[in-house]
Amino acid sequence: MTRLNENYLKLPGSYLFSEIAKRVAAFKEAHPGEQVISLGIGDVSRPLVPAVVAALHQASDEMGAAETFRGYGPEQGYLFLREAILKHDYLARGINLSADEIFVSDGAKSDVANFQELFARSSCVALQDPVYPVYLDTNVMAGRTGKFENGRFGGIIYLPCIEENGFIPQLPRERADMVYLCSPNNPTGAAMTRAELKKWVDWAAANGSIILYDSAYEAFITGADVPHSIYEIPGADKVAVEFRSFSKTAGFTGMRCAYTVVPKALCVYDETGAGHSLNALWLRRQTTKFNGVPYVIQRAAEAVFSPQGQAQIREVIAGYQQNARVILDALKQAGLTAFGGVNAPYIWLKTPKGLDSWAFFTKLLNEARVVGTPGVGFGACGEGYFRLTAFNTPQLTQASAHRIAGLKF
Ligand code: PLP
């Protein structure tokens, strides 16, 4: 008899998106011919920009010629891409890192999911509630939690992100070894200011904790006081790993390219108290378990940093930001209270009149034929909230906004 990893049995089924799909399918069957618009998707709708497509073509041609063909590349990513990332995302912001502190990967999802394996199983985890589920589920799989009871896993420090704290995680009373912070945030759309993030960096330094900082939505930041990288905060290189992605920045959700920064100053400790470089451990992990991102994809990612690439992706992002404004306006017209949408492509609305998240889902679907995501699906503190995204096309976003604006509560 082969035994399973029983931690997997602790996971509740991935109920949220399958339940949404089921309810939408039932609605469509009952209302044939009616157009249902989704503002629930976390995927992009605009195609790759021309500079990226040109780089893809050129790299494909190189792969077809004997002189320029490439096989396995460096597991950490080609130097041309790591240097482009370093120059544009870090050195240009006055952040001193080196190319060997950057690891190119096939997704921020895989990196945030995998990174926890470098830490002891006994490590204590803190994370935001509501939360991007990957942080939580991967720690459940690794055996760092107790059972799931009343919407919560035992052993996890939940950091409630609620209206009273502006959806910004507050420092916990207890010590944690690993803290996941996501800013700009999925699902709430809230973004931490420099002062708020500094509190966390100082807390981590004082407590010997490591911050796993997910800034997959960095490109959507508009506020001058919102840092684009945690390394803008002095001392962060000694306490934080940063995850970034080309997915939402440049429409790479189907291309798969991201990167993780692991500064050499970061240390973890063995039971004798001896320090070990987290950078060296992650390199060891990646060289053992990962064989790199395709050459053509890395050339395409490099093109994102060219002057044309930058101008083109900024225009695409501006389109999504405009969608967010359209949605926020419509919610206001309907008399609803909404948050986010300014530094992030996510809008987090408060359900009115004590409706719970799923009751609001039903009302929005039945009366506006618009689909969104019940906040409770992201954690207990998401109950009474609802997530809309700015990733649909301008036309469909306008059409759904028109319907939402006419809702009566
Ligand atoms: N991190 C957050 C907070 C996300 O919302 C997402 C995708 O929705 C990801 C990471 C995944 O990014 P990638 O496409 O690079 O795997």
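The values are calculated or read from the model by the stated rules, or taken from the named source; none is laboratory data. Quick caveat, the model's predicted, so the values are computed rather than measured. So basically every Cβ, Gly included, is an ideal-geometry build from the backbone, and we count neighbours across all protein chains shown.
Of the residues ALA240, ALA216, only one is closer than 21 Å to SER123 by Cβ, among the small types (Gly, Ala, Ser) and either touching a strand residue (DSSP E or B) at 6+ places or on another chain (Cβ under 8 Å) or outside the structural domain of LEU181 (by TED's automatic domain parsing) (or both); which?
Details: ALA216 fails: closer than 21 Å to SER123 by Cβ.
Exactly one residue qualifies, and that residue is ALA240.
Contact list please: Cβ distance under 8 Å, first residue in the range 73-92 and without any contact (Cβ under 8 Å) to a residue 40 or more places away in the chain, second residue part of a loop (DSSP other than H, G, I, E, B) and basic (Lys, Arg), pairs at least six apart or on different chains.
Going by the 8 Å Cβ cut-off, there are no qualifying pairs.
If you scan the range 74-87, which residues turn out to be in contact with a helix residue (DSSP H, G or I) (Cβ under 6 Å, 6 or more places away or on another chain) and either over 20 Å from ALA258 (Cα atoms) or part of a loop (DSSP other than H, G, I, E, B) (or both)?
Within the range 74-87, GLU75, TYR78 qualify.
Name the single residue, out of those in the range 27-48 being among the small types (Gly, Ala, Ser) and under 15 Å from LEU388 (Cα atoms), that is surrounded by the most Cβ atoms within 10 Å (Cβ to Cβ).
Filtering the range 27-48 for residues among the small types (Gly, Ala, Ser) gives 30, 33, 38, 40, 42, 45.
Then drop every residue that is not under 15 Å from LEU388 (Cα atoms), which leaves 38, 40, 42, 45.
Details: SER38: 18, GLY40: 23, GLY42: 17, SER45: 18.
By that ranking, first place goes to GLY40.
Please verify whether the range 102-111 includes one or more residues that are in contact with a helix residue (DSSP H, G or I) (Cβ under 8 Å, 6 or more places away or on another chain), among the aliphatic types (A, V, I, L, M), assigned to a loop (DSSP other than H, G, I, E, B) and farther than 22 Å from LEU16 by Cα.
No: zero hits.
Take the residues of the range 89-134 that are more than 20 Å from the chain's Cα centre (by Cα) and under 21 Å from GLY292 (Cβ atoms): which is farthest from the ligand (Cβ to nearest atom)?
That would be SER98.
So in the range 198-227, with the set limited to residues that are more than 16 Å from the ligand (Cβ to nearest atom) and of a type in the set (A, V, I, L, M), which one is farthest from the chain's Cα centre (by Cα)?
Across the range 198-227, the extreme among qualifying residues is ALA206.
Being assigned to a loop (DSSP other than H, G, I, E, B), within 21 Å of LYS109 (Cβ to Cβ), assigned by TED's automatic domain parsing to the domain that holds GLN116 and more than 16 Å from the ligand (Cβ to nearest atom) is the requirement here; does THR188 meet it?
Against the criterion (assigned to a loop (DSSP other than H, G, I, E, B), within 21 Å of LYS109 (Cβ to Cβ), assigned by TED's automatic domain parsing to the domain that holds GLN116 and more than 16 Å from the ligand (Cβ to nearest atom)), THR188 does not qualify.
Being more than 30 Å from ARG70 (Cα to Cα) and within 16 Å of the ligand (Cβ to nearest atom) is the requirement here; does ILE297 meet it?
Working: more than 30 Å from ARG70 (Cα to Cα): no; within 16 Å of the ligand (Cβ to nearest atom): yes.
Criteria not met by ILE297.
Can SER45 be described as under 21 Å from ARG244 (Cα atoms), touching a residue at least 40 places away in the same chain (Cβ under 8 Å) and in contact with a Ser or Thr (Cβ under 8 Å, 6 or more places away or on another chain)?
Yes, satisfied.
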